[in-house]
Amino acid sequence: MIGIIDYGMGNLYSVSKALERLNYEYVISGDPQQLKQTKGLILPGVGSFRDAMHILNETGLASFIRAAVREGMPLFGICLGMQLLFEESEENGLTEGLQLLKGRVVRFPGVTANGETYKVPHMGWNRLQFRHPSPLLTNVEEGYVYFVHSYYVDTDDDSVVLASSTYDVDVPAVVGKGHVFGTQFHPEKSSEIGMKILKNYAIIVEGEGKA
């Protein structure tokens, strides 16, 4: 069973419906004791990094997530949930993240090196470009997935960037290290590619694949 972490800032409905379509059991909960009984976690997220970390810290979920990862439980962050996996974010002032992966979350500059402006947020379909092999990307094509975000991850650790997209800058689109994974895009809104990624994560959780 997969535990979808409910901290009041995630699109729980679309994620749970995607798991239902894949016929995988899940529970939606903000209770660490209940989430401990699952085999893997999904951390969704929509909104402000600072607000999200405040809630995770106040509820004890941040400590629970770190401990669960240390004990080997798989974790998958989606959109803001992916950003929360990293060290810190500059959104609304510098805020410490879960610090499971190395990198900082920064805002799209909105201006190219040539001085041309472009739209922020990055919203709509963009193409994946694979960087490193991963069980999360088994049988996944370099097609288009759906993004909605104004901030992106800036990391010097290229090894964690499994796939990227280009939106003036290089955007980490799929990240992973060990049994910690994340997508900046919404897999549950990204048609066949997104569903394959969710299915691959469920297989990893079940122990049929190796992180």
* Structure fact -> With all protein chains present and a 1.4 Å probe, the order of Arg104, Arg70 from largest accessible area down is Arg70, Arg104
* Structure fact -> Mean separation of Cα contacts under 8 Å (at least 6 apart) over the residue count of the stretch 47-101, i.e. the relative contact order in percent, is 38
* **Share of carbon and sulfur in the accessible heavy-atom surface of the stretch 16-90 [1.4 Å probe, %]** => 43
* Asked: Any idea how far apart Tyr144 and Thr117 come out in nm if each label point goes 7 Å out from Cα toward Cβ?
  -> 2.6
* To do: Quote the relative contact order of the chain in percent (integer), defining contacts as alpha-carbon pairs under 8 Å separated by 6+ residues.
  => 19
* Asked: So what is the relative contact order of the stretch 1-106, in percent, for Cα pairs below 8 Å that sit 6 or more residues apart?
  -> 25
* Starting from the Cα-Cα distance between Glu206 and Ser48, subtract it from 0.36 nm times their residue separation and give me the gain in nm to one decimal. => 53.7 nm
* **Separation between Cα centres of the stretch 77-91 and the stretch 7-39, rounded to whole Å** => 19
* Structure fact -> In degrees rounded to 10, the 0-90 angle between helix 191-206 Cα long axis and the longest Cα principal axis of the chain is 40
* Cross-link partners of Lys196 among aspartates and glutamates (Cα-Cα below 19 Å; sequence separation of 8 or more within a chain) -> Glu20, Glu25, Glu141, Glu142, Glu188, Glu206, Glu208
* Label assignment, Kirkwood radius over Cα pairs in Å derived from the structure, set (1) 19.0; (2) 16.9; (3) 18.1 -> (2)
* May I ask you to derive the FRET efficiency for Lys39 and Asp168 from their Cβ-Cβ distance with R0 = 35 Å, giving the value to the nearest 0.05? => 0.35
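Among the DSSP beta bridges whose two residues both lie in the chain, what percent are antiparallel, rounded to the nearest 5?
60
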* Would you pull out the residues with amide H under 5 Å of Ile42's amide H, same chain only if 5 or more places away, H placed 1.01 Å from N? => Gly3, Ile4, Ile5, Phe76
* Asked: For Lys189, which lysines qualify as cross-link partners when the Cα separation must be under 23 Å and same-chain residues fewer than eight apart are set aside?
  -> Lys17, Lys119, Lys199
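The values are calculated or read from the model by the stated rules, or taken from the named source; none is laboratory data. What you see is a predicted model, and the numbers here were worked out from it, not measured in a lab. For neighbour counting, all protein chains shown are included, and Cβ atoms are generated from backbone atoms with ideal geometry for every residue, glycine included. Each accessible area value is taken on the protein alone, full model and side chains, heavy atoms only, with ligands, DNA and RNA left out. Shrake-Rupley method; radii C 1.70, N 1.55, O 1.52, S 1.80 Å.
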